Amino acid sequence: MTFFYLHKIKTASYGTVVLWAVLLLLGAGVYSAQATDDKKVRDKSEIRNVLTAYHKALTTGDMKLVASYVVADERFVMIEGKHTNWGWADYRDNHLTPELEGLSKVDFRLDFKALYISGHISGDMAYSSFIYYISPKDDPSLNYGTGRATVVLVRENNRWLIQHFHTS
């Protein structure tokens, strides 16, 4: 039986061989594009989860948990309004620690649809813009404030981490 198929392949026209080769390459390209699209969907979901978890961690008062979602070294930058913190230690010690007690009394709700999530993903870097709402934990119907944020994330050790955060 095998000899019969091999014989058929040997006698196949050049056009048939080229056609099969093109079909195989197209199939591989479609599979590759689908795999890339699936990865982007997973990345967008992971980025959304990191940003949501980071904001939830802010309300726990647990600085180690908060730090687990950021690049916790001198590369971290936080720009809030007109104020900039350069490096995680600066932000943690001079900005976040004094606010941590107050943050334990609020909840954040992030709206990724109002702008768009993961405006761009390129390799190990992505950015996301979103609107955030702050409300008291005991009454989510009240609105303490609303703001806009743009975040740059990097992938390190197969995890997305926040490296640059800008709010207004």
Is it fair to say residue 127 is outside any strand (DSSP E or B), under 23 Å from the mean Cα position of the chain (by Cα), surrounded by 13 or more Cβ atoms within 10 Å (Cβ to Cβ) and aromatic (Phe, Trp, Tyr)?
no
If we ask which residues in segment 71-106 are modelled with pLDDT of 95 or more and of a type in the set (Gly, Ala, Ser), their number turns out to be 3
When the residues of segment 45-104 are narrowed to those that are among the β-branched types (Val, Ile, Thr) and part of a loop (DSSP other than H, G, I, E, B), which ends up surrounded by the fewest Cβ atoms within 10 Å (Cβ to Cβ)?
60
Go through (1) over 18 Å from residue 42 (Cα atoms); (2) touching a Phe, Trp or Tyr at 6+ places or on another chain (Cβ under 9 Å); (3) of a type outside the set (Lys, Arg) and name the single condition residue 104 misses.
(2)
Residue satisfying condition, being within 13 Å of residue 47 (Cα to Cα) and of a type in the set (D, E, K, R), within set 111, 124
124
Pairs returned, first residue in segment 44-60 that is more than 13 Å from residue 107 (Cα to Cα), second residue that is among the hydroxyl-bearing types (Ser, Thr, Tyr), beta-carbon separation under 6 angstrom, 6 or more apart or interchain, are 44/118; 47/118; 47/128; 50/69
So residue 68 fits all but one of (1) touching a Phe, Trp or Tyr at 6+ places or on another chain (Cβ under 7 Å); (2) small (Gly, Ala, Ser); (3) modelled with pLDDT of 90 or more; (4) under 25 Å from residue 159 (Cα atoms); what number is the exception?
(1)
Within segment 113-124, can one find any residue that is part of a strand (DSSP E or B), at pLDDT 85 or above and in contact with a strand residue (DSSP E or B) (Cβ under 6 Å, 6 or more places away or on another chain)?
no
Only one of 64, 56 is in contact with a strand residue (DSSP E or B) (Cβ under 8 Å, 6 or more places away or on another chain) and basic (Lys, Arg), namely 56
Please verify whether residue 107 is free of Cβ contacts under 8 Å to residues at least 60 places away in the same chain, in contact with a Lys or Arg (Cβ under 6 Å, 6 or more places away or on another chain) and either closer than 24 Å to residue 145 by Cβ or not in a loop (DSSP other than H, G, I, E, B) (or both), treating the condition exactly as stated.
yes
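The values are calculated or read from the model by the stated rules, or taken from the named source; none is laboratory data. All values reported here derive from a predicted model rather than from experimental measurement. All Cβ positions, glycine included, derive from the backbone under ideal geometry; neighbour counts span all protein chains shown.
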